[in-house]
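This report concerns only the one structure given below.
The values are calculated or read from the model by the stated rules, or taken from the named source; none is laboratory data. For clarity, every value in this text was computed on a predicted model and none was experimentally measured. FYI the Cβ positions are ideal-geometry reconstructions off the backbone, even for glycines, and counts take in every protein chain you see. Ligands, DNA and RNA are excluded from the accessible area calculation, which covers all protein heavy atoms including side chains. Shrake-Rupley method; radii C 1.70, N 1.55, O 1.52, S 1.80 Å.
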There are 4 protein chains.
Amino acid sequence: MGSNSFGNLFCVTSFGESHGPALGVTIDGCPAGIALGVEDFLPELGRRRPGQSEITTSRKESDQPELLSGVFEGRTTGMPICVVVRNENQRSKDYEKLRTEFRPGHADETYAGKYGHRDHRGGGRSSGRETLARVIAGVVARKILPETVCIIGHTLQIGPHRAATFEVGAIETNAVRCADSQAAEHMTGYIQELQREFNSCGGLVEILVQNTPAHLGEPVFDKLKARLAHAVMSIGAVTGFSYGAGFATAEMRGQDYISDRRNFGGILGGVSTGEDLRLTASIKPSTSVGDTAKQGRHDPCIVPRVIPVLEAMVAIVLADAWLQARAYQ
Amino acid sequence: MGSNSFGNLFCVTSFGESHGPALGVTIDGCPAGIALGVEDFLPELGRRRPGQSEITTSRKESDQPELLSGVFEGRTTGMPICVVVRNENQRSKDYEKLRTEFRPGHADETYAGKYGHRDHRGGGRSSGRETLARVIAGVVARKILPETVCIIGHTLQIGPHRAATFEVGAIETNAVRCADSQAAEHMTGYIQELQREFNSCGGLVEILVQNTPAHLGEPVFDKLKARLAHAVMSIGAVTGFSYGAGFATAEMRGQDYISDRRNFGGILGGVSTGEDLRLTASIKPSTSVGDTAKQGRHDPCIVPRVIPVLEAMVAIVLADAWLQARAYQ
Amino acid sequence: MGSNSFGNLFCVTSFGESHGPALGVTIDGCPAGIALGVEDFLPELGRRRPGQSEITTSRKESDQPELLSGVFEGRTTGMPICVVVRNENQRSKDYEKLRTEFRPGHADETYAGKYGHRDHRGGGRSSGRETLARVIAGVVARKILPETVCIIGHTLQIGPHRAATFEVGAIETNAVRCADSQAAEHMTGYIQELQREFNSCGGLVEILVQNTPAHLGEPVFDKLKARLAHAVMSIGAVTGFSYGAGFATAEMRGQDYISDRRNFGGILGGVSTGEDLRLTASIKPSTSVGDTAKQGRHDPCIVPRVIPVLEAMVAIVLADAWLQARAYQ
Amino acid sequence: MGSNSFGNLFCVTSFGESHGPALGVTIDGCPAGIALGVEDFLPELGRRRPGQSEITTSRKESDQPELLSGVFEGRTTGMPICVVVRNENQRSKDYEKLRTEFRPGHADETYAGKYGHRDHRGGGRSSGRETLARVIAGVVARKILPETVCIIGHTLQIGPHRAATFEVGAIETNAVRCADSQAAEHMTGYIQELQREFNSCGGLVEILVQNTPAHLGEPVFDKLKARLAHAVMSIGAVTGFSYGAGFATAEMRGQDYISDRRNFGGILGGVSTGEDLRLTASIKPSTSVGDTAKQGRHDPCIVPRVIPVLEAMVAIVLADAWLQARAYQ
């Protein structure tokens, strides 16, 4: 399997560069008979799209998906689903300097070393724009899972500001996707301040999965937590992954750990218990700061836009594990 | 590929239960002509073995590996290498109660639900004893990598005690594998105290890889950090994974982040830069506490014994990525 | 890996239906720096295209490939190469009857049973038009192999007519791609006669690979002959595969078999010897005969058009094996 | 996935050399709760074993399987099943000459070239003895399939002698596993004659699968016929594979082809129809003839002993396809 594919039974293949003709995804292993149309992709693509608020990049793309295969008369056929999104914004001259100058903290230098020849425009394949493919595949993945499964990503922390309350209805009402409206205001202010200084910041995202089916995940290398870690850490901006009590377990005692099942994060022995999954991802600050930020169109804080991508990757892992569990039942 | 296999070109298949006849591993994809004998496995198996110090389980196993295939006249042949370790300690009566009673925080309940029929003795397949297979494969993996590559795991924190200094020579001189001898004493005392209370604790481990070859890792789903996360999170005791500045990036600003290349952890764009890899894993406290701890043979703190397993998994990922990079050169 | 993907290091993913918006292919694992443009695909697509001669279907498609990713400034970047071909000819009304009526010998009945919901137009995914994807991938595969490697498919037999001589220059000069010009005339006449009766015929194709690199193929399940068989038998029209002396070995004695190395077909122990590969595939007669043939646009003999597809699949297997051999060198 | 593994959901990993300590197999993906014990393997191992009749090699191995994992209290646990068979017969001195002398038609020369260092004793990994692993996995595969599925291999032809009748009860009553007792006598006589001349012969085997479940096989690269071809052609002695009318389709007309559904071999569009599968494999004559045959212990005709291996490989493919079909249902 190629390194641009992910999944065993629900297998996603991503392709495309930031400033090439198009990006897209092929989804192989979606059962037949599921209602699906291009319009299904629009809400999630909208959530991922730049230019949604004052704290995101001003790059404007309409991100119009086109369904090339696998759907007939509004329903999936069991055949591979290919969805393509054309790139409209190909101002490649903006990026001429990047042919030889490497932006610090970016893939520029490793790709140049590894491949020799590369598409330097806007990060090329390493651009966050690749995550379009994941968001599209995530929409299909969700359709395979039982309808009750609910994947909720939200911002736990940005810089020094941490959410103190959790109100699910608040998440989509603020620019940072925080479930604590008051904290959201502080976070937004903090980001705007950094933006003015051509600086940036990172954050923490929590992903909750409610009504998770029990018995997902396979011993020993495909433990659910391992597959989730792989999926989540394959997103460029993610620097850390944990589940349940996560890094806090380092300071916990066993008696305390087992006293609250939420510490298990919904996974025991690598297999889902049927309780809520609780995952955390740390997001690095955008490395497009200073001079790089002055020229380009960059997010001072990528955290809110990473959330739909994180949710999509979780959905993909769960759909794959769900199909696999059915095979062995 | 089965869920008990890991790796593309260097492919490891683990098998066996804690109290079955044997555990073992098949390693497929080791190039021919590499010197290898059973004696090569002994040092790492020794490091993983229980009963090494006052703070580990008293279960005693000689862990004698047997080389069944893939080696001829002391060198690998390019054929699958199978290594088997017999279980001597099969006091399965000790575990009769576990047939129906589930230990909190263990795989007992999820395995029972998922499989119906299971080997309940000592965790069966979900036992930490399975990691023998990984340690053995790790020894072979290291032989594929350039000799200069050096993988060093050490305990960063246990409970409230954190290492303040780093002296590589100290790591193997104390029971907790800490590079700070003084912190090691505090950690050991802390563990012994918990042991007396039939309690347990977790910790943090750092894995450094010195002289890492550049250009390992493949876009986009097989980024080196994603493969490492998968491998590390597939170890039962691990609750979190990060690289470089890791979870601290959540509070960092971009200018600070890019000001110190160590924050990148040796990986940019998912590809190794050639600098030291810097990975962190959080380890949960053993869930065998209270009554469970009174009856069985358990570690109050698994952290030091997880280190050789972590190192092995890192070696396996690097060997696989190394072979893959050669294919595309 | 999904079932619409093939290959380990050189991994091809095919998508698209005969009468959907487009067909295409994603090629993951092509090394960087290889000269590639859409124009490279045209000759092979031309060889596969219908309407080339009096004995092929009159369906006319311009088969214009579009390169969506993986190529920058005329050279591959190491990123997945996606190529899409739009379907122009979507006269789906012609196929309305096929919604409920199954053509004998086609996938219609099994797809209907397996998937329930299916694209019935012109065979949908099961149409021979899918092989466009393979031909495109084959072009890229050939660019990875040493330039001297030469893959030659030619028609050995059609109905009762068998080639008696082998003149490589003759192959592309006749409608049946036969290396014996005189036999080609008989074959063509035979096909035309069947065409008038709305009947069809099958044939035998031989694929020779000259200057095959030695040491391709991996024990034990990825023997070169096994991978080639998988690839070749995945083409809809192929009913049998053999290498070297093939089915004739059933009647051979060992002494005779070993007396002529051509009997080994260039493969010993599943690994290429460096001699010419010699493969044979049997092609079934088109099952679109009688009433089905009267209505549609069908080939009375698919053999000549299968040849570029066979060559492509062989190229894909060799490219994959070639990369794998490099990894273990 | 390594090249010594086969299968997606039912994944078999084979290991071991002819004259090393042991051969064996790991079977990953067998559902839990299936009755299984070592005694289940004995009948099939017996059918494969040498020394069963006057026309097979006199090498005697008791082939005692040992079950190392994956079974508890007589039933599978869903965990990988490892079975090992020790080699008793390690008269490696017999083979000292093969260190540098290559037997014609064997893997000796390609393995030496590819790997440099190899186990030359009795073919090492390339020995037919490796098929033990397949036969063992086949037994498990059959347990996954519905009990009514019946896989029957029988000898169709040996040298010039072809079966003219089909009596299923006759197959196991003669040394050549022919369903025509009279033809079996001629075949046996023919083999004995060749044996006296230190010569050998090949043959044709047919494999029938009765009560095949419908809807097995996945488009487009995992068509059932493609997976079966891969599996069957991965057996060293097999030189050709076909299904249904097979190579005879080359001379057939479409009207004739569709007039008898047996020509489809139970597969349409790459998917099983629910009718009997009908597969054919051509087997090459043993290449251990003349001087090689005089020294060693070789079969003058391997055909009858290949039959249980062919049946096993078919069972493995069907079990894998069966699990996959369940996933997508």
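One line per residue, one yes/no per condition, for (1) at the interface with chain B (Cβ under 10 Å from one of its Cβ atoms); (2) of a type in the set (S, T, N, Q); (3) closer than 16 Å to residue B:25 by Cα:
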residue	(1), (2), (3)
D:3	yes, yes, yes
D:9	yes, no, no
D:13	yes, yes, yes
D:16	yes, no, yes
D:24	yes, no, yes
D:41	no, no, no
D:44	no, no, no
D:68	yes, no, yes
D:73	yes, no, no
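Among the residues of segment C:281-312, the ones that are more than 16 Å from the chain's Cα centre (by Cα) and more than 11 Å from chain D (Cβ to nearest Cβ) come to 5 in all.
Taking segment A:281-329 as the range and being among the β-branched types (Val, Ile, Thr) and at pLDDT 95 or above as the test, the residues that pass are A:283, A:302, A:303, A:306, A:307, A:309, A:314, A:316, A:317.
Pairs meeting the criteria (first residue in segment A:161-175 and touching a residue at least 24 places away in the same chain (Cβ under 8 Å), second residue aromatic (Phe, Trp, Tyr), beta carbons under 9 Å, at least 6 apart or on different chains) are A:161/A:190. Looking at (1) part of a helix (DSSP H, G or I); (2) open to solvent by 10 Å² or more (accessible area, probe 1.4 Å), which is the only condition residue D:274 fails? Among (1) part of a helix (DSSP H, G or I); (2) open to solvent by 10 Å² or more (accessible area, probe 1.4 Å), the lone unmet condition for residue D:274 is (1). Scanning segment A:26-39 for residues that are facing chain C (nearest Cβ under 9 Å), small (Gly, Ala, Ser) and in contact with a Leu (Cβ under 9 Å, 6 or more places away or on another chain) gives a single hit, A:29.
Quick one: in segment A:48-93, of everything that is open to solvent by less than 80 Å² (accessible area, probe 1.4 Å) and part of a helix (DSSP H, G or I), which residue is modelled with the lowest pLDDT? Checking each candidate, the answer is A:92. Residue C:278 - would you say it is at pLDDT 95 or above, farther than 29 Å from residue C:106 by Cβ, over 18 Å from the mean Cα position of the chain (by Cα) and among the charged types (D, E, K, R)? It is false that residue C:278 is at pLDDT 95 or above, farther than 29 Å from residue C:106 by Cβ, over 18 Å from the mean Cα position of the chain (by Cα) and among the charged types (D, E, K, R). Go through segment D:292-329 residue by residue and tally those that are assigned to a loop (DSSP other than H, G, I, E, B), within 24 Å of residue A:319 (Cα to Cα) and in contact (Cβ under 8 Å) with a residue 24 or more places away in the chain. Within segment D:292-329, residues that are assigned to a loop (DSSP other than H, G, I, E, B), within 24 Å of residue A:319 (Cα to Cα) and in contact (Cβ under 8 Å) with a residue 24 or more places away in the chain number 0. In segment C:200-255, what count of residues is obtained for those that are more than 7 Å from chain D (Cβ to nearest Cβ), open to solvent by 10 Å² or more (accessible area, probe 1.4 Å), among the aliphatic types (A, V, I, L, M) and in contact (Cβ under 8 Å) with a residue 40 or more places away in the chain? Going through segment C:200-255 one residue at a time, the tally reaches 2. For segment A:256-274, residues that are touching a residue at least 24 places away in the same chain (Cβ under 8 Å) and out of contact with any strand residue (DSSP E or B) (no Cβ under 9 Å at 6 or more places or on another chain) total 2.
Do we have residue B:170 as open to solvent by 10 Å² or more (accessible area, probe 1.4 Å), under 21 Å from the mean Cα position of the chain (by Cα) and not acidic (Asp, Glu) here? Here the answer is no, as residue B:170 does not meet what is asked. Would you say residue D:227 is basic (Lys, Arg) and in contact with an Asp or Glu (Cβ under 8 Å, 6 or more places away or on another chain)? It is true that residue D:227 is basic (Lys, Arg) and in contact with an Asp or Glu (Cβ under 8 Å, 6 or more places away or on another chain).
Looking only at segment C:251-271, residues that are assigned to a strand (DSSP E or B) and within 22 Å of residue D:293 (Cβ to Cβ) come to 2 in all. Scanning segment A:1-46 for residues that are without any contact (Cβ under 8 Å) to a residue 12 or more places away in the chain and assigned to a strand (DSSP E or B) yields a single hit, A:5. Looking at segment A:108-144, which of the residues that are among the aliphatic types (A, V, I, L, M) and open to solvent by 10 Å² or more (accessible area, probe 1.4 Å) is farthest from the other protein chains (Cβ to nearest Cβ)? Applying the filter and picking the extreme gives A:139. Based on what the data block shows, is residue B:114 of a type in the set (D, E, K, R), modelled with pLDDT of 90 or more and either farther than 30 Å from residue D:127 by Cα or touching a Leu at 6+ places or on another chain (Cβ under 6 Å) (or both)? Here the answer is yes, as residue B:114 does meet what is asked. Here residue B:263 meets each of (1) more than 7 Å from chain A (Cβ to nearest Cβ); (2) farther than 20 Å from residue A:280 by Cα with one exception, condition (2).
Residues in segment B:145-167 that are crowded, with 18+ Cβ neighbours inside 10 Å and among the aromatic types (Phe, Trp, Tyr): there are none. Please specify each residue of segment C:256-268 satisfying the condition of being open to solvent by less than 20 Å² (accessible area, probe 1.4 Å) and of a type in the set (Gly, Ala, Ser). Passing the criteria: C:265, C:266.
Can you spot a residue in segment B:313-324 that is more than 22 Å from the chain's Cα centre (by Cα) and either more than 7 Å from chain A (Cβ to nearest Cβ) or open to solvent by less than 20 Å² (accessible area, probe 1.4 Å) (or both)? Yes, because at least one residue in segment B:313-324 is more than 22 Å from the chain's Cα centre (by Cα) and either more than 7 Å from chain A (Cβ to nearest Cβ) or open to solvent by less than 20 Å² (accessible area, probe 1.4 Å) (or both).
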